[in-house]
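The values are calculated or read from the model by the stated rules, or taken from the named source; none is laboratory data. The structure presented is a predicted model; accordingly, all values stated were derived computationally and were not measured. Note: ideal-geometry Cβ built from the backbone for every residue, glycine included; neighbour counts use all protein chains shown. With ligands, DNA and RNA removed, areas are computed over all heavy atoms of the protein, side chains included. Shrake-Rupley method; radii C 1.70, N 1.55, O 1.52, S 1.80 Å.
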Amino acid sequence: MAFGTWIGGFLGWMTAGPLGALAGIVLGKVFDSMMNSVNSPETQGPFEDPFGRQTSDFRHQTSGYQRTDYGQRNSFLFSLLVLASYIIKADGKVMHSEMEFVRQMLRQNFSDEASREGDSILRKLFDEQKRVGMQAFRKTVADCCVQIARNMDYSQRLQLLNFLVMIAQADGSVPQSEITALKECAQWMRMSADEVDSMMGLGKDDLASAYQVLGVSPNATDDELKKAYRKLALEHHPDKVAALGEDIRRAAEKKFQKINEAKERIWKARGL
């Protein structure tokens, strides 16, 4: 499947800056063809994506109707592939389990063809990393993260980081090199490195991990706990990423549920 079929006419803000440069390198003439198509007079109106939807599509939510911004969505997904290529290779090797996790995520969200194409893009990004060297590629990723920080709100960046943590955890262990890479990406995206620690505790059933998720000490007061939870609930609410599409919103809902499970574990232990 051609990358242009997956992305369609909705390229978003990834067409400029370091992300656009990377897209041009790993996609070559395909990316140039997409740009020419998007910039032609015939394509200045509403676009249809590969699934027959248009930019004017709406999705009903409890808060009203939410437009899916396909340019923002596709920029999010290409950003995910770029950062995933950095995280996966952080320990110097490409683990099958991590690659398969990315393929399954694309397959679930899009199609089998999108999964294969995403796999191809990742491998080309690995080739680019090998061609320029780790330090130069690290600088490119840092520049991409700055571009991401300028164009995504905090909640969308949190969801992007959550996907990266899940990819790192796919093989059952997260070496220090990957934790360091995750925290680098978080900080380059103008986020706290503590967000990585919080997400590493998601889904675990012990009390210490629950405190880790909320980002507070077991010695924190009840008021401090409640304040920390309110902050997390606001930043991680699924509606914050609704414009990226229903599938990404569902992923955010699962993350939000795990945050609530951590909160309930602490509340129960304290009798709140």
Q | the stretch 186-272 - Rg and Dmax from Cα coordinates, angstrom | A | 13.2, 39
Q. Which value, in Å², gives the accessible area per residue of the stretch 68-139 when a 1.4 Å probe is used on the protein heavy atoms?
A. 42 Å²
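Summarise the accessible area of the stretch 161-272 (1.4 Å probe, protein heavy atoms) by the percent that is carbon and sulfur. Intermediate values should be presented prior to the final figure.
Values: 2590 of 5240 Å².
Carbon plus sulfur share of accessible area: 49 percent.
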Q: Apply the Kirkwood formula to the stretch 84-172: the hydrodynamic radius equals the inverse of the mean of 1/r over all pairs of different alpha-carbon atoms; give it in Å with one decimal.
A: 13.8 Å
**Q.** Among Ala186, Ala170, Ser209 - extreme Cα towards positive end, dipole of the stretch 158-221, charges at beta-carbon
**A.** Ala186
Q: In debye, nearest 20, what is the charge dipole magnitude of the stretch 196-248 about its Cα centre with +1 on Lys and Arg Cβ and -1 on Asp and Glu Cβ, if you could check?
A: 180 debye
